[in-house]
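The structure appears below as structure tokens.
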Amino acid sequence: MNPGEELDAIAAEVAVCTDCKLHRSRKNAVPGEGPADAELVFIGEGPGFHENEQGRPFVGAAGRFLEELLANIGMSREEVFICNVIKCRPPGNRDPQVDEIQACSKYLDRQIRAINPKVIITLGRYSMARYFPNARISTIHGKARVVNGRLVMPMYHPAAALHQPALRRVVEEDFALLPDLIARGQQISSPEDKPPADPEQLSMF
Ligand code: URA
């Protein structure tokens, strides 16, 4: 199966997934979208109201801000892969729960393996925790690290910047680091599904 076919297969599985309780309240599952050869993968938290309605990620206010941030660095959403830690909306937009994140992680693992991006950008705490389990976002945002052979850049969630205007500048500055990071990502190409990295091997950029 080529990467595009694998992404389609994952989306088809996600659409009918019943592996956690969120399937009962969803209108549409939101697998994620973007080209199979994307250099950047953005991982948000989970679908909200509009995403659940449309079955597409980041189509509400946070999505418009994400598009603006991409435009600032000369990119568009069509060039990048955008997805979430969980693929179905939690009722009332509550935080994702551990069992839901665990049930859904297999899909995200496969998406990342298929795309093999140069850089993964985590948006917010839940996707950050996948790579930096005990980190604080206020400390590590904007600092890319190599995790299991892949560059991962933690960032604040765009919705956080919409709610706290002081964060807007911070998010814009972190985004401005991406073009250089993509260039560095070209030198790193080992797949993610290696044994967990020794913390000693994590190199700060
Ligand atoms: N917030 C997210 O984390 N993901 C979306 O898809 C939309 C808003």
Checklist entry - With (1) in contact with a strand residue (DSSP E or B) (Cβ under 8 Å, 6 or more places away or on another chain); (2) more than 11 Å from the ligand (Cβ to nearest atom); (3) hydrophobic (A, V, I, L, M, F, W, C) as the list, and ALA11 as the residue in question, which single condition is left unmet? => result (1)
Next on the checklist: Quick check on the range 137-151. Is at least one of its residues in a helix (DSSP H, G or I), within 16 Å of the ligand (Cβ to nearest atom) and either among the aromatic types (Phe, Trp, Tyr) or modelled with pLDDT of 95 or more (or both)?
Outcome noted: yes
Checklist outcome for this item: Taking first residues from the range 47-65 that are in a helix (DSSP H, G or I) and within 6 Å of the ligand (Cβ to nearest atom) and second residues anywhere that are at pLDDT 95 or above and among the aromatic types (Phe, Trp, Tyr), the pairs with Cβ under 9 Å that are 6 or more apart or on different chains are GLU51/PHE58
Checklist entry - Can you pull out the residues in the range 106-132 that are more than 22 Å from LEU66 (Cβ to Cβ) and either modelled with pLDDT under 95 or within 12 Å of the chain's Cα centre (by Cα) (or both)? => result ASP109
Checklist entry - Here are PHE49, PHE42, PHE65: which of them is among the hydrophobic types (A, V, I, L, M, F, W, C) and surrounded by fewer than 14 Cβ atoms within 10 Å (Cβ to Cβ)? => result PHE49
Checklist outcome for this item: The condition from (1) in contact with a Pro (Cβ under 9 Å, 6 or more places away or on another chain); (2) of a type outside the set (Asp, Glu); (3) over 26 Å from ASP8 (Cα atoms) that THR139 misses is numbered (1)
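Please pick out the residue among GLU13, GLU78 that is within 19 Å of SER105 (Cα to Cα), part of a helix (DSSP H, G or I) and touching a residue at least 40 places away in the same chain (Cβ under 8 Å).
From the options GLU13, GLU78, the qualifying one is GLU13.
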Checklist entry - Of all residues in the range 91-100, which are within 14 Å of the ligand (Cβ to nearest atom) and either touching a Lys or Arg at 6+ places or on another chain (Cβ under 8 Å) or touching a residue at least 60 places away in the same chain (Cβ under 8 Å) (or both)? => result GLU100
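For every residue, the table says whether it meets (1) crowded, with 24+ Cβ neighbours inside 10 Å; (2) touching a residue at least 40 places away in the same chain (Cβ under 8 Å); (3) more than 16 Å from the ligand (Cβ to nearest atom).
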site	(1), (2), (3)
VAL85	yes, yes, no
ARG89	yes, yes, no
ALA103	no, yes, yes
ARG110	no, yes, yes
ILE115	yes, yes, yes
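Within the range 25-36, can one find any residue that is closer than 19 Å to ALA159 by Cβ, within 12 Å of the ligand (Cβ to nearest atom) and assigned to a loop (DSSP other than H, G, I, E, B)?
Yes, there is a match, as at least one residue in the range 25-36 is closer than 19 Å to ALA159 by Cβ, within 12 Å of the ligand (Cβ to nearest atom) and assigned to a loop (DSSP other than H, G, I, E, B).
The values are calculated or read from the model by the stated rules, or taken from the named source; none is laboratory data. What you see is a predicted model; the values in this text were computed from it and never measured. Note: ideal-geometry Cβ built from the backbone for every residue, glycine included; neighbour counts use all protein chains shown.
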